[in-house]
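Encoded as structure tokens, the structure appears first; notes follow it.
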Amino acid sequence: MKKIIVWIVLAFQLMKGQQNTFTLQQALDYAYSHNTAQINAELDVKNQQYLKKQIAGAALPQINASLDFKDYVELPTSLLPAAAFGGPPGTFIPVKFGLQYNATASASVSQLIFSSDYMIALMASKEGARLAEKNVLRTKTETAQNVSKAYYGVLINRERIKLLEANIERLKKMLNDTKAMNTAGFVEKIDVDRLEVTFNNLNAEKEKVSRLVGISETLLKFQMGYKVNESIVLLDSIKGMQEPSAALNEAGKTSYAARAEYALLQSQQKLNELQLKRYRLTALPTLVGYGSFVEQAQRTSFDFFDADKKWYPIGIVGATLNVPIFGGGQNGFRIKQAGITILKTKNNITNLEQAIDMEIQITKTSVLNAMTSLDSQKKNRELAQNILSVATKKYEQGVGSNLEIINAETSLKEAETNYFNALYDLFIAKIDYQKATGTLVK
């Protein structure tokens, strides 16, 4: 039993420790279930489903029951013409009718038989549910875009930290060697000072980047819906990730329907068309059937539950046909307004198609430019590494100066920074291109 308990505790601790570790895909999956905007979009879907059921319930029988008791502390007074009882003409006799206690028990039922408004509302509720589902996809795409960019931002900043630490370690060794050579009289004090200035600048740069790592991690947690005060471990690395390829759609027709925004506008247009149809059908009559059964009782004392005393029934069955005849021409103007709304939405769809085409071309160009820049920066980094290696060997052999090494170190740091910036730009450009083509979330 003790061994079992120990294993359970260890397993629990292991699971707890793994809760803060994420690959990029795991970070996306976590965000899909914890990001506030994503959760609200899912709740909107449920809300629309309930609304659809609510509207459908209007076609079911509506049944009501009521029980009413009255105690007439003062019975109502009626005025009767005095002439009917032999009195002077033009005068009235006040009389009181009824008993002090009255009770009414009733049950009623109504059934909607035909209503154009109901039919349109039911169709609109179904389209509204589809609209909410498409909004989930739009929100998911935005979440994927924001989380991916934030994740890559953390990886790039962490890689910059590693490079700075390696440069600092290499420069520290050279600084110590130069100090020893200065003590032995082989180099001047200015050589030590130059290296020390470069060493201090690298340390200051490392502190800045360390703070940037903290900021980028906080941004990633926020986009994921993760608690910003808790630690997070990223399992992916820039070196372990494959560089984005130039697998771009060079030919073929753009699939606008792949964009959530386009699908949302199409659904909105369908709702606009249903609204127009509703106004056009307003001239149709509405038919409602109903029935009610009422029992009434009057007593001089409160004994309504006495089985020996009668209640008097009233039963009604009927139907109401409501036929619109003239409404001041208001509905005609509603029809014209709905038509204008449809035209505006159609224009918005056309504008969105053009915007999507433009966005695809821009992001495609950004990807190609980023790839060209990355290839160039990769070569520059290799050249800077070779230059530093040659300068170091020359200095060690006594045929070079430490100023040459300092310049080479500065060039290498700049080349490495440019390389990782170009790599980050390529990742971001590819994400933007995938969003533009509607392929970021499948």
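The values are calculated or read from the model by the stated rules, or taken from the named source; none is laboratory data. As the structure is a computational prediction, the values presented were derived from the model and not from experiment. Here the Cβ positions follow ideal geometry from the backbone for every residue, glycine too, while neighbour counts run over all protein chains shown. Note: areas computed on protein heavy atoms with side chains; ligands, DNA, RNA excluded. Shrake-Rupley method; radii C 1.70, N 1.55, O 1.52, S 1.80 Å.
What the table below lists for this structure:
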quantity	calculated
Close pairs from the range 210-222: first of a type in the set (S, T, N, Q), partner open to solvent by less than 60 Å² (accessible area, probe 1.4 Å), Cβ under 7 Å, at least 6 apart	S210/I161; S216/A150; S216/G153; S216/V154; S216/N157
Unique match (being under 40 Å from the mean Cα position of the chain (by Cα) and not β-branched (V, I, T)) among D177, D117, D191	D117
Residue in the range 301-316 that is surrounded by 15 or more Cβ atoms within 10 Å (Cβ to Cβ), touching a Gly at 6+ places or on another chain (Cβ under 9 Å) and either within 30 Å of K435 (Cα to Cα) or modelled with pLDDT under 95 (or both) present	no
Scan of the range 87-111 for residues that are open to solvent by 40 Å² or more (accessible area, probe 1.4 Å), touching a Phe, Trp or Tyr at 6+ places or on another chain (Cβ under 6 Å) and part of a strand (DSSP E or B), ordered by number	Y101, A107
Of all residues making up the range 413-424, the number that are of a type in the set (D, E, K, R) and buried (at least 20 other Cβ atoms within 10 Å of the Cβ)	2
One residue from R158, R130 being surrounded by 14 or more Cβ atoms within 10 Å (Cβ to Cβ), over 28 Å from A422 (Cα atoms) and of a type in the set (D, E, K, R)	R130
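Conditions tested, residue by residue: (1) among the charged types (D, E, K, R); (2) in a helix (DSSP H, G or I); (3) within 30 Å of K270 (Cα to Cα).
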{"residue": "M123", "(1), (2), (3)": "no, yes, yes"}
{"residue": "E127", "(1), (2), (3)": "yes, yes, yes"}
{"residue": "R130", "(1), (2), (3)": "yes, yes, yes"}
{"residue": "K134", "(1), (2), (3)": "yes, yes, yes"}
{"residue": "T139", "(1), (2), (3)": "no, yes, yes"}
{"residue": "Q145", "(1), (2), (3)": "no, yes, yes"}
{"residue": "Y152", "(1), (2), (3)": "no, yes, no"}
{"residue": "K162", "(1), (2), (3)": "yes, yes, no"}
{"residue": "E165", "(1), (2), (3)": "yes, yes, no"}
